[in-house]
Amino acid sequence: MEELFYREKDLFLQKLHPTAAMVFICVLMVLSLIFTNPLYLAGLFLCTGFLIRELQGLKSWEFFLKAGLLMTIPVMIINPLVSKAGATVLLRGPRLPAFGEIDISMEAIFYGAVMSLRLLDVMSVFCLYNIMLHPDKTLNMLERFAFKSTLVLSLATRMFPAMLRRLENIREIQAVRGVDFEKGTFKEVLDKYMNLIYILLLSSLEDSMEIAEAMQARAFGSGRRTCYIRIPFKPRDFICTAAGIAALFAGIFGAVKGYGTMVFYPYLGHLISREDILLLLFLHMMLLIPVFMSWGWRRCRYFR
Amino acid sequence: MASTAIAIFLLGIMWLSFEFGMTSSKELAIIAVMSAVAAMGRVVFAALPNIQATTFVVIVSGFVMGSRNGFMVGAASALVSNFFMGQGPWTFWQMLSWGLAGASAGVLKKVFPNIGKAGMTVFCLLWGYFFGWIMNFWYWSAFIKPLSLKSFITVCLASFWFDSLHAAGNAILYLLFGITFTKVLKRFYRRLKVSEGRSGLKKSTTC
């Protein structure tokens, strides 16, 4: 817990400009929220998976997918229970006081499954964000628009691991003095843990005064701030951003024209048409460009 | 999609009010410390099921430091703790829920300055449920159809026990430690104001 979820691995996708990386991640997120067609969602899932593999983050993905699978259980159960719009009723259940008659339809089960896939897509995109963008880079981007909030976030991010270490020290000191954190009633255990927080709070608040004085000594708030941009926007960043934006426009165009969306009620609509195949091909080509570039970056020195 | 946009919009409004408000360096430092302490609240009680001291710390911060600062403590604690635990689709909604818990505590202080221990305990208890319902909202709006009151209640029923544990944890924490915690924070917050007044640095240190 003392370390960030992000791990620096010196990989192509981690070296992208934060704006390029953020644009690409946002495009994946928006597309997974626009589409309701399972083929599109499965495609996005695979693309995100390839990107995660390029970032050597399969273990993190496993963690996110496990959490996601747990979250899909209510989606799979609640949708068939509350939806009465499906025409193909598979099971007529008992009459419940608040729900009325329970009709489990094939369309509602299918909708629940597709929404579960969407949930796994969203989880995968967040997994990608966690392993691709260093929090400092995210905060650097935010700094230009909201420097006070970013300063609070940066300070708190630095303090969090330090506080955890301090908390462990306080716990050890208490244990040496004979405090057993496992023994006692619920109230006693809570009391012992809360004492830890008190000590931590008092010492941290004292520290905050020193931090504030250090900020003042460095002329914080004395005038207009200057900003120095050190991360250059390279051609590779331009290519990835352009690919992301092209995929986004294609997705929006498709959604407006009715591709990528599926009719669930009262009967299931068509899964795929000729135009869908073209759009899917274009979308995935665009979304896989960073994967190809990463592959090239690892194998060809001219890409570096 | 629309629900996420609403969450980001609400967060943006509160964030802007913090950005354009007058905040001294000491206030910023205290907000950062309280955010880190609140984030720690997620870790310290990890062994106890769904008892999150974060909500309690955020509510006390909002009550002592006002709505704007309370919102910032809540929103920052969610974001910061998730840098270590992993950001997910829940992050925006945790930021919004904890932010609103802090902001509402500030409003509560203005409306009922002498609310007392019992009132605050009930407030903490209610926020255990409000937090759960706000968190359920994104889940419901993105993955459940039809979007009806009945389906929302079903989602809330599914999380009822988790929300109840959270609410009970908040109430117990406030009942046992709320007064002392508030006193400590009040003392530091007052000290911050006094030192600025005496040294005449108020104008130069705010930004």
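Structure above, values below:
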quantity: Residue match in region A:233-241 (condition: surrounded by 12 or more Cβ atoms within 10 Å (Cβ to Cβ), among the hydroxyl-bearing types (Ser, Thr, Tyr) and away from every other protein chain (no Cβ under 14 Å)); calculated: yes
quantity: Set A:Ala250, A:Ala246, A:Ala214, A:Ala255: member being free of Cβ contacts under 8 Å to residues at least 40 places away in the same chain, within 26 Å of the chain's Cα centre (by Cα) and assigned to a helix (DSSP H, G or I); calculated: A:Ala250
quantity: Top-ranked residue in region A:141-176 [being farther than 26 Å from A:Tyr198 by Cα and exposed (fewer than 13 other Cβ atoms within 10 Å of the Cβ); ranked as nearest to the other protein chains (Cβ to nearest Cβ)]; calculated: A:Phe145
quantity: Count - residues of region A:94-125 that are polar (S, T, N, Q), within 25 Å of the chain's Cα centre (by Cα) and more than 10 Å from chain B (Cβ to nearest Cβ); calculated: 1
quantity: Residues of region B:16-37 classified as of a type in the set (A, V, I, L, M, F, W, C), more than 7 Å from chain A (Cβ to nearest Cβ) and over 15 Å from B:Gly62 (Cβ atoms), total; calculated: 3
quantity: Qualifying residue in region A:148-155 (condition: farther than 23 Å from A:Arg7 by Cβ, outside any helix (DSSP H, G or I) and modelled with pLDDT under 90); calculated: no
quantity: The lone exception for A:Asn195 - which of (1) touching a helix residue (DSSP H, G or I) at 6+ places or on another chain (Cβ under 7 Å); (2) surrounded by 13 or more Cβ atoms within 10 Å (Cβ to Cβ); (3) not assigned by TED's automatic domain parsing to the domain that holds A:Val27 it fails; calculated: (1)
quantity: Complete set of residues in region B:41-52 that are part of a helix (DSSP H, G or I), facing chain A (nearest Cβ under 7 Å) and touching a residue at least 12 places away in the same chain (Cβ under 8 Å); calculated: B:Val43
quantity: Residue match in region A:223-230 (condition: farther than 30 Å from B:Leu192 by Cα and either β-branched (Val, Ile, Thr) or assigned to a helix (DSSP H, G or I) (or both)); calculated: yes
quantity: Entirely in region B:83-192, the helices (runs of 4 or more DSSP H) that have 3 or more residues that are out of contact with any Ser or Thr (no Cβ under 9 Å at 6 or more places or on another chain) and either within 11 Å of chain A (Cβ to nearest Cβ) or closer than 28 Å to A:Ser204 by Cα (or both); calculated: B:90-111, B:116-143, B:149-158
quantity: Number of the exception - A:Tyr265 against (1) facing chain B (nearest Cβ under 9 Å); (2) touching a Gly at 6+ places or on another chain (Cβ under 7 Å); (3) assigned to a helix (DSSP H, G or I); calculated: (3)
quantity: Of all residues making up region A:141-164, the number that are among the hydrophobic types (A, V, I, L, M, F, W, C), touching a residue at least 60 places away in the same chain (Cβ under 8 Å) and over 13 Å from B:Val37 (Cα atoms); calculated: 2
quantity: Filter result for the condition that a residue is surrounded by fewer than 20 Cβ atoms within 10 Å (Cβ to Cβ) and among the aromatic types (Phe, Trp, Tyr), over B:Trp98, B:Trp90, B:Trp127, B:Trp140; calculated: B:Trp90
quantity: Residue that is farther than 30 Å from A:Leu13 by Cβ, touching a Lys or Arg at 6+ places or on another chain (Cβ under 7 Å) and without any contact (Cβ under 8 Å) to a residue 40 or more places away in the chain, where the choices are A:Phe220, A:Phe181, A:Phe186; calculated: A:Phe181
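The values are calculated or read from the model by the stated rules, or taken from the named source; none is laboratory data. Worth saying up front: this structure is predicted, and the values here are computed from it rather than measured. Every residue, glycine among them, receives a Cβ derived from its backbone with ideal geometry; neighbour counts consider all protein chains shown.
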